[in-house]
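The values are calculated or read from the model by the stated rules, or taken from the named source; none is laboratory data. Quick caveat, the model's predicted, so the values are computed rather than measured. Cβ placement follows ideal geometry from the backbone for every residue including glycine, while neighbour counts extend to all protein chains displayed. All accessible areas refer to the heavy atoms of the entire protein, side chains included, with ligands and DNA or RNA removed. Shrake-Rupley method; radii C 1.70, N 1.55, O 1.52, S 1.80 Å.
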Amino acid sequence: SGLDMTLEECAAGATRELTVDTAILCDRCHGGGASGDSKPIRCDTCDGRGEVQSVQRSFLGQVVTSRPCPVCRGFGEIIPDPCQQCNGDGRVRSRRTISVNIPAGVAEGMRVRLAGQGEVGPGGGPAGDLYVEVEEHPHEIFERDGADLHCVVQIPMTTAALGATLPLKTLDGEEELQIDPGTQPNTQLVLTGRGMPKLRSTGRVDGRGDLHVHLEVVVPTKLDAAQASLLRDLAEMRGETEPSLSHNGKGGGGLFSRLRASRGHR
């Protein structure tokens, strides 16, 4: 069975009501399959063994094969007077609602085991387990990578140059994000312990992941005359009216060698 969950529910854990359609014990015959006080009797076809044998001759000699008894279906007993509610199967199908406790830290595709909540076996056998698979909805802000979270924050180029303190919404509430003066594009800030709970295979939560904030510096595409004049004045004050090229190994950090490596050149 599948269970839809949000990122916040996966982080905090949740208790959800789940409707399932499974086979349960027949309450009329209590799993025995017989009507009233009648009892099952031994199958004469297989003599209670639940299987029948057949002998075939081949060039290797006699070959004995076994197969389930077609009369008792392998049970070794037949029910002369079957229960009318379950038709002798000892179980009936029913729709029921169960409470599911989802631990903190679950992720897409994980399965939560509910012991004894599965289907009752034929003839009133013990119930199996029910597995609930988690289906996690995509989040509008955060992208999950295991226990870590990633998000992109766009800042104006003036903020990147001057620095600022910005509000940032996290799973724990609002945090202050410190932007240092001179922040460069593609800078990554890491908020330790602000990610998802780390769920171990034992079901125990061991710490939390981190929140990675990727800063995207936004350069304006349209400027009015006054804004353009201010930027020209700033460029002249900083001596940035002419572009400059970084020399390989001094300012570029081996740019061309990195490009060749990324393209597969040797």
Exercise. Is there any pair with a first residue in segment 166-189 that is touching a residue at least 40 places away in the same chain (Cβ under 8 Å) and a second that is among the aromatic types (Phe, Trp, Tyr) and open to solvent by less than 80 Å² (accessible area, probe 1.4 Å) whose Cβ atoms are under 8 Å apart and which are 6 or more apart or on different chains, and what are they?
Worked result: Leu171/Phe142
Exercise. Any residue in segment 78-91 that is acidic (Asp, Glu) and surrounded by fewer than 14 Cβ atoms within 10 Å (Cβ to Cβ)?
Worked result: no
For this session: Inspect all residues belonging to segment 68-82 and state whether any of them is touching a strand residue (DSSP E or B) at 6+ places or on another chain (Cβ under 6 Å), β-branched (Val, Ile, Thr) and modelled with pLDDT under 90.
Result: no
For this session: Consider Glu176 carefully, then state whether it is more than 26 Å from Pro103 (Cα to Cα) and open to solvent by 30 Å² or more (accessible area, probe 1.4 Å).
Result: yes
Problem set entry | Subset of segment 190-230 that is more than 23 Å from the chain's Cα centre (by Cα), surrounded by 10 or more Cβ atoms within 10 Å (Cβ to Cβ) and free of Cβ contacts under 8 Å to residues at least 40 places away in the same chain - its residue that is farthest from Ala107 (Cα to Cα) | Ser229
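From the list Ile78, Ile179, Ile102, which one is touching a helix residue (DSSP H, G or I) at 6+ places or on another chain (Cβ under 8 Å), more than 30 Å from His214 (Cα to Cα) and not hydroxyl-bearing (Ser, Thr, Tyr)?
On the way: Ile78 fails: touching a helix residue (DSSP H, G or I) at 6+ places or on another chain (Cβ under 8 Å); Ile179 fails: more than 30 Å from His214 (Cα to Cα).
Selected residue: Ile102, the only one of Ile78, Ile179, Ile102 that is touching a helix residue (DSSP H, G or I) at 6+ places or on another chain (Cβ under 8 Å), more than 30 Å from His214 (Cα to Cα) and not hydroxyl-bearing (Ser, Thr, Tyr).
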For this session: Pick out the one residue from Thr170, Thr165 that is open to solvent by less than 20 Å² (accessible area, probe 1.4 Å), of a type in the set (S, T, N, Q), over 30 Å from Gly32 (Cα atoms) and modelled with pLDDT of 90 or more.
Result: Thr170
Problem set entry | When residues of segment 51-64 are limited to those that are at pLDDT below 90 and surrounded by 10 or more Cβ atoms within 10 Å (Cβ to Cβ), the one nearest to the chain's Cα centre (by Cα) | Gln53
Exercise. For residues in segment 56-107 being basic (Lys, Arg) and in contact (Cβ under 8 Å) with a residue 60 or more places away in the chain, which is farthest from Thr45 (Cα to Cα)?
Worked result: Arg96
For this session: Look at Lys250 and say whether it is part of a strand (DSSP E or B), among the basic types (Lys, Arg) and either surrounded by 14 or more Cβ atoms within 10 Å (Cβ to Cβ) or modelled with pLDDT under 95 (or both).
Result: no
Problem set entry | Those residues of segment 1-29 which are over 30 Å from Glu136 (Cα atoms) and exposed (fewer than 12 other Cβ atoms within 10 Å of the Cβ), in sequence order | Asp27
Problem set entry | So Gly121, is it surrounded by 12 or more Cβ atoms within 10 Å (Cβ to Cβ) and either farther than 17 Å from Leu189 by Cα or under 26 Å from the mean Cα position of the chain (by Cα) (or both) | yes
